[in-house]
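Asker: Dumping the structure here so I can ask a few things about it.
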């Protein structure tokens, strides 16, 4: 924002971010408390997984920096395409049910503990390890197993 924008009161672009907490040391309520006490003029919505933060790009970024400062490797941020309370996403105007995209977000959050642990290992300087992939059985062995279980000749 330029000084001219401040003087003329030009509208700033509003953005919305999802802040997901996957920490053993902090709860989503701790993230909310840090966001509320940061003093930035943003709209906050507490959720079971963390927060939804809406405001100017500068203010949202500052709040996220404060919240991620609690546990940078276990608090994750992603863009959200709709602001808090948007009627296109609000369950109150759609007669309840899960928010579209909730199941994807739920699946992403379930993986964040592993990502956070890997980031902790990286920060600690631990050497990288190669991934261990399971051996896949040959298709003939799998087919024989299925036939045996289903008693098919």
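Asker: How about segment 99-134: which of its residues are modelled with pLDDT under 90, in a loop (DSSP other than H, G, I, E, B) and loosely packed, with under 10 Cβ neighbours inside 10 Å?
Answerer: 128, 129, 130, 131, 132, 133, 134
Asker: Please go through segment 67-81 and pick out each residue that is surrounded by fewer than 16 Cβ atoms within 10 Å (Cβ to Cβ) and either part of a loop (DSSP other than H, G, I, E, B) or at pLDDT 95 or above (or both).
Answerer: Filtering segment 67-81 down to residues surrounded by fewer than 16 Cβ atoms within 10 Å (Cβ to Cβ) leaves 69, 72, 78-79, 81.
Of everything in segment 67-81, those that are surrounded by fewer than 16 Cβ atoms within 10 Å (Cβ to Cβ) and either part of a loop (DSSP other than H, G, I, E, B) or at pLDDT 95 or above (or both) turn out to be 69, 72, 81.
Asker: Which count do you get for residues in segment 12-46 that are surrounded by 16 or more Cβ atoms within 10 Å (Cβ to Cβ) and not in a strand (DSSP E or B)?
Answerer: Residues in segment 12-46 being surrounded by 16 or more Cβ atoms within 10 Å (Cβ to Cβ) and not in a strand (DSSP E or B): 12 in total.
Asker: Going residue by residue through segment 141-151, is there one that turns out to be exposed (fewer than 11 other Cβ atoms within 10 Å of the Cβ), assigned to a loop (DSSP other than H, G, I, E, B) and modelled with pLDDT under 85? Working first, answer last.
Answerer: In the first step, residues of segment 141-151 are kept if they are exposed (fewer than 11 other Cβ atoms within 10 Å of the Cβ); the result is 141, 146, 148-151.
Still in the running and assigned to a loop (DSSP other than H, G, I, E, B): 151.
Right, trim to modelled with pLDDT under 85 and you get 151.
There is at least one residue in segment 141-151 that is exposed (fewer than 11 other Cβ atoms within 10 Å of the Cβ), assigned to a loop (DSSP other than H, G, I, E, B) and modelled with pLDDT under 85.
Asker: To continue, here is another question. Condition first: under 13 Å from the mean Cα position of the chain (by Cα) and surrounded by 13 or more Cβ atoms within 10 Å (Cβ to Cβ). Can you find one or more residues in segment 52-63 that meet it? Please lay out each step first, then the result.
Answerer: Step one: filter segment 52-63 for residues under 13 Å from the mean Cα position of the chain (by Cα), giving 52-53.
Among the residues that remain, those that are also surrounded by 13 or more Cβ atoms within 10 Å (Cβ to Cβ) are: 52-53.
Yes: segment 52-63 contains one or more residues that are under 13 Å from the mean Cα position of the chain (by Cα) and surrounded by 13 or more Cβ atoms within 10 Å (Cβ to Cβ).
The values are calculated or read from the model by the stated rules, or taken from the named source; none is laboratory data. Worth saying up front: this structure is predicted, and the values here are computed from it rather than measured. With ideal geometry, Cβ positions are generated from the backbone for all residues, glycine too; neighbour counts draw on all protein chains shown.
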